[in-house]
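This report concerns only the one structure given below.
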Amino acid sequence: MIKDNFIQIQSQIDELSQRRTRLLAVSKTKPIEVLQEAYDCGIRLFGENKVQELVPKYEALPKDIEWHLIGHLQSNKVKYMAGFVSLIHSVDSLKLLEEINKQAVKNQRVINCLLQIFIAQEETKFGLSEQELTELLTSSAFAKLQNIKIKGLMGMASNTENMDQIRQEFRNLKQLFDRCKKDFQAENIDFQELSMGMSGDYLMAIEEGSTLVRVGSLLFGHRNY
Ligand SMILES: *Cc1c(COP(=O)(O)O)cnc(C)c1O
């Protein structure tokens, strides 16, 4: 079943994006065997939202997987994944970035990060405002961080049936991404990735410029929490 879903989703992504957008398989709550099945279908990018789930899955599965952390991250958890995580999508403060940098130094590597931007019209979603983003990227504390690289932005649209609203939120995020790419240039900044779109809206997100779609339930079926 995963195989059929994967082939269909991947071909739609490839067609619409001319192979410019990558599929991140969001495997949170799914057991190792299900991830192995996805791996056997050819999937190599997996996204988890909890560090305590990410680490055992990393340990159990083949080492050519790219692991992404997509959920809200607490500073005290960074150390457990700092040695292997490929991209952290959900960075939303300078304090967290400083901790990621510190753990990256310990592991003698550079950790790629996205800054999560608040784009929804809801109180519950995490993320930076545009002003907070600018303050962060222009701060002297940020300039000192040599073991992180800001690869772009991530956003979650409102949880609504209103597709026009979702499209507008994606469009706003893409415009912000383009401005940042032009305005902020530094050793620790390299704007390449725009992470937006989930099962319900990934095709629209690609139309609006997403480079990385985070698809869970459409690929793996519904989650039982
Ligand atoms: C769970 C999750 C997804 C995937 O959601 P689906 O609707 O199942 O595709 C994407 N992004 C984040 C941040 C998530 O937590």
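The values are calculated or read from the model by the stated rules, or taken from the named source; none is laboratory data. Here the structure is a predicted model, which is why all the values come from computation and not from measurement. As a convention, Cβ positions derive from the backbone with ideal geometry for all residues, glycine included, and neighbour counts pool all protein chains shown. Surface accessibility is based on the protein's heavy atoms, side chains included, excluding ligands, DNA and RNA. Shrake-Rupley method; radii C 1.70, N 1.55, O 1.52, S 1.80 Å.
So the values come out like this:
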{"item": "Check on residue 154, within 23 Å of residue 203 (Cβ to Cβ), buried (at least 19 other Cβ atoms within 10 Å of the Cβ) and not acidic (Asp, Glu)", "result": "yes"}
{"item": "So residue 63, is it modelled with pLDDT of 95 or more and away from the ligand (no atom under 14 Å from the Cβ)", "result": "yes"}
{"item": "Options 182, 174: the member that is within 24 Å of residue 45 (Cβ to Cβ), assigned to a helix (DSSP H, G or I), without any contact (Cβ under 8 Å) to a residue 40 or more places away in the chain and of a type outside the set (A, V, I, L, M, F, W, C)", "result": "174"}
{"item": "Single residue of the range 200-225 satisfying the filter (closer than 16 Å to residue 16 by Cα and aliphatic (A, V, I, L, M)) that is nearest to the ligand (Cβ to nearest atom)", "result": "215"}
{"item": "Criterion (away from the ligand (no atom under 16 Å from the Cβ), among the aromatic types (Phe, Trp, Tyr) and either within 26 Å of residue 6 (Cβ to Cβ) or surrounded by fewer than 21 Cβ atoms within 10 Å (Cβ to Cβ) (or both)) met by exactly one of 84, 46, 126", "result": "84"}
{"item": "Residue in the range 148-166 that is in contact (Cβ under 8 Å) with a residue 12 or more places away in the chain, in contact with a helix residue (DSSP H, G or I) (Cβ under 9 Å, 6 or more places away or on another chain) and either of a type in the set (Lys, Arg) or part of a helix (DSSP H, G or I) (or both) present", "result": "yes"}
{"item": "Residues of the range 189-201 satisfying the condition of being open to solvent by less than 10 Å² (accessible area, probe 1.4 Å), outside any strand (DSSP E or B) and of a type outside the set (A, V, I, L, M)", "result": "197"}
{"item": "Matching option when the condition is modelled with pLDDT under 95 and more than 28 Å from residue 80 (Cβ to Cβ), among 166, 119", "result": "119"}
{"item": "Test result for residue 101, touching a residue at least 40 places away in the same chain (Cβ under 8 Å) and either away from the ligand (no atom under 16 Å from the Cβ) or of a type in the set (S, T, N, Q) (or both)", "result": "yes"}
{"item": "Residues satisfying the stated conditions in the range 203-225, i.e. within 12 Å of residue 26 (Cβ to Cβ), open to solvent by 40 Å² or more (accessible area, probe 1.4 Å) and in a loop (DSSP other than H, G, I, E, B)", "result": "223"}
{"item": "Where a residue in the range 206-225 is among the aromatic types (Phe, Trp, Tyr) and its partner, wherever it lies, is in a strand (DSSP E or B) and more than 7 Å from the ligand (Cβ to nearest atom), with Cβ under 9 Å and at least six apart", "result": "220/25"}
{"item": "Matching option when the condition is surrounded by fewer than 17 Cβ atoms within 10 Å (Cβ to Cβ), within 16 Å of the ligand (Cβ to nearest atom) and not hydrophobic (A, V, I, L, M, F, W, C), among 160, 138", "result": "160"}
